[in-house]
Amino acid sequence: MPATPTAPDPLDAFDRRILTLVQRDCQLKAEAIASQIGLSASAVQRRLKRLRAQGVIRAEIAVLDRAAAGRSLTLVAGLEIERDNYPALAAFRAWADREEAIQQVYYVTGQVDLVAIVMARDMAAYDALCARLMAEIPMIRRINTQVVIEAMKVGLQVPVEAP
C-alpha cells in the first residue's frame, strides 16, 4: 500500500532538477542524477524518498506505444450533464475510474461539463463504451466526440521551474 502523502516541503533547486530528470526517465539511477546535479547519490536517494512520501512523485510508470498495445484510436469526448447535477459527477467519476479506456477526465467550463481522453481498439469498442455510459449514468445528456487524427504532442511532465 502506498504511503499516505504528507504536506510537501517547498521544493528547492535540487528537488526541481531531480524532478525534471525523473519525469524524463524514472529509471535513472541515483548516481546518474547525482552526477548531473552536483549532489551525492545518497542525498539524491533521500530526496527521492521524501518526494515519494510527500506525494510529490505520485507514480513511476512505463509509457507504452499505443499501437503496439492495440489502442491506436484516441478520442476526445465532451460530456454534458443534465443541469448542475453533482450526484452525476460523483457517479461518473466512479464509473470512469473503473474504465481502463478512459485515460484522463477534466471537469471544465464552457460548452461541455466534462472532457475525457479515451483510448479504444476501434470505433465499435468506443461505441460500446458510450452505450454502457449512457445506460449506467442516464444523467449524461450528450457525448460530443472528436477523433484524434494525429497526436502531435502527448506528455504528462509537469514544469518544475522556480515560481
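The values are calculated or read from the model by the stated rules, or taken from the named source; none is laboratory data. This one's a predicted model, so the numbers in the text were calculated from it and none came from an experiment. As a convention, Cβ positions derive from the backbone with ideal geometry for all residues, glycine included, and neighbour counts pool all protein chains shown.
Considering only residues in segment 9-45 that are among the acidic types (D, E) and assigned to a loop (DSSP other than H, G, I, E, B), the one that is farthest from the chain's Cα centre (by Cα) turns out to be D12. The condition (being of a type in the set (K, R), exposed (fewer than 15 other Cβ atoms within 10 Å of the Cβ), in contact with a strand residue (DSSP E or B) (Cβ under 8 Å, 6 or more places away or on another chain) and not assigned by TED's automatic domain parsing to the domain that holds L21) is satisfied by just one residue among R98, R83, R93: R93.
Does L156 meet the test of being surrounded by 15 or more Cβ atoms within 10 Å (Cβ to Cβ) and either part of a strand (DSSP E or B) or of a type outside the set (G, A, S) (or both)? No. Residues in segment 41-60 that are of a type in the set (S, T, N, Q) and free of Cβ contacts under 8 Å to residues at least 40 places away in the same chain: S42, Q45.
Restricting the search to segment 49-85, which residues are of a type outside the set (K, R) and closer than 24 Å to V112 by Cβ? It would help to see each step written out before you state the result.
Pass one, segment 49-85, residues of a type outside the set (K, R): 51, 53-57, 59-65, 67-70, 72-82, 84-85.
Residues satisfying the conditions are L73, T74, L75, V76, A77, G78, L79, E80, I81, E82, D84, N85.
A residue that is closer than 30 Å to R141 by Cα, modelled with pLDDT of 95 or more, surrounded by 13 or more Cβ atoms within 10 Å (Cβ to Cβ) and not charged (D, E, K, R) cannot be found anywhere in segment 34-52. With the condition kept exactly as written, say whether any residue in segment 112-121 is exposed (fewer than 12 other Cβ atoms within 10 Å of the Cβ), out of contact with any Phe, Trp or Tyr (no Cβ under 6 Å at 6 or more places or on another chain) and under 28 Å from A69 (Cβ atoms). Looking for residues that are exposed (fewer than 12 other Cβ atoms within 10 Å of the Cβ), out of contact with any Phe, Trp or Tyr (no Cβ under 6 Å at 6 or more places or on another chain) and under 28 Å from A69 (Cβ atoms), one finds none in segment 112-121, hence no.
Pairing residues of segment 70-82 that are more than 15 Å from W95 (Cα to Cα) with residues that are aromatic (F, W, Y), at Cβ distances under 8 Å and at least 6 apart in sequence or on separate chains, gives L73/Y126; L75/Y126.
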